[in-house]
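See structure below.
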Amino acid sequence: MSDRPPEATLWDCLRGALATKALAAVVDAGVPEALADGPRPVAELGGRPETMERLLRALASDEIFLEEEPGVFGHTDASRLLLDRSWAAFAHLFGDVFYEAVADLAADVSPPTFDRRFGADFWTWLRERPAERAIFDAAMGGSKEAKTQRLAELEWREGEVVADLGGGNGALLLDLLERRPELRGIVFDLPETVRDEAILGDRCSFVAGSFFDAVPPADAYVLSQILHDWSDEDATRILQTIRAAAPPHARLLIAESVISPGNEPQGAKWLDLLMLAVGGRERTEDDWRGLLSAGGFEPVSIEDQLLQARLARPMAVRGPEGTG
């Protein structure tokens, strides 16, 4: 158990929405970039100075930004992370569309609440807003180092083709190919995905399509933070689509959380509430085993942030007793 006073623990949850909104407001106003070269007074940061001061003062109390002197703010190690495009993108999303998506969550409301509030599912909403799609892809492209490092440490054969399904702008796959030059890659995503195909090079290509319809053949399939976006029914359809295209030797590599049992803190337990709003879910080890089986795969290993699976062997068909 934590040594923090119970009142402090409860207060942190109660004020969480305020912190989310404050962080998004200063990020969308360009404050992290404005402070990149050093502290500045609020009058130079845009927006209404009094409002900006109060937003930054609250964030500074949690060590996000630092009030150097009255009305003058600079960066901390935490706020400097917001200079990274992916962190800034997450701040925008959580303070804007995700904030609204979870507003209707209640114990007696069936998910997804996003569809009812916005009149469309999340992916349709993104498709109709290219600017938001670009921000989403930037967020998904972040924090790739740890994922690609684990992928790069696996055993690979010369010339293997890796298909990153729902690969967005290709950031994760390009990082993997840089670490493992013997590989070739396919970034597979919807045609409206914001990307620069010129940077893919001659070892990687972009293929447009939906993983509900068909995917290209490959030696390995990567699903990074994809299946948690979907219900078990839809996630099973995705896996079955991969199963139909995959050669017998193909392997499936899933970079996602595995919810731990008990009361240990884990970000995925909170992210699961956002998935509840948009129609997906985070999963426990038992959940993953059931999903993989339904999709035609069998697990090789299940670890937090990296699950490995292979095609399930078809069951032998036996004839009448004594003939099969």
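Tell me the GluC sites (Glu not before Pro) within the range 1-70 that lie in a loop according to DSSP and have at most 16 other beta-carbon atoms within 10 Å.
Working: sites: 7, 33, 44, 50, 53, 63, 67, 68; in loops: 63.
For GluC sites (Glu not before Pro) across the range 1-70 that sit outside H, G, I, E and B with at most 16 neighbouring Cβ atoms in 10 Å, the list reads 63.
At most 16 other Cβ atoms within 10 Å plus a DSSP loop assignment makes a site exposed; report the longest stretch of the chain without any exposed trypsin sites (Lys or Arg not before Pro). Free of exposed loop sites, the longest segment is 16-156. To the nearest µm²/s, what D does Stokes-Einstein give for the range 140-311 at 37 °C and 0.692 mPa s, using the Kirkwood radius over alpha carbon pairs as Rh? For the chosen part, D equals 202 µm²/s.
When only Cα pairs below 8 angstrom with a gap of at least 6 residues are kept, the range 55-156 shows a relative contact order of 21 percent. Taking Cβ atoms as reference points and 13 Å as the exclusive limit, the residues near residue 155 contribute a net charge of -1, counting Lys and Arg as +1 and Asp and Glu as -1. Which one, 24, 139, 107, has the greatest fluctuation when you compute a Gaussian network model over the chain with C-alpha springs under 10 angstrom? Taking springs between Cα atoms under 10 Å, the residue moving most is 107. Farthest toward the positive end of the dipole of the chain, out of 26, 290, 88, is the Cα of 290, where the dipole comes from beta carbon charges about the Cα centre.
Take the convex hull of the alpha carbons in the chain; its mean projected area over all directions comes to 22.2 nm².
Normalised by 2.2 N^0.38 Å, where N is the number of residues, the C-alpha radius of gyration of the range 6-83 stands at 1.07. Estimated from helical segments only, the mean residue ellipticity of the chain at 222 nm is -12000 deg cm²/dmol, where each DSSP H run of four or more residues counts as -39500 (n - 2.57). Take every Cα pair under 8 Å whose residues are at least 6 apart in sequence, average their separation, divide by the length of the chain, and the relative contact order is 12 percent. The GNM of the chain, with springs linking C-alpha atoms under 10 angstrom apart, assigns the highest mean-square fluctuation among 78, 309, 103 to 78.
Each value in this text was obtained by applying a stated rule to the coordinates, not by laboratory testing. Being a predicted model, the structure only gives us computed values, none of them experimental. Here Cβ is always computed from backbone atoms with ideal geometry, including for glycine, and neighbour counts include all displayed protein chains.
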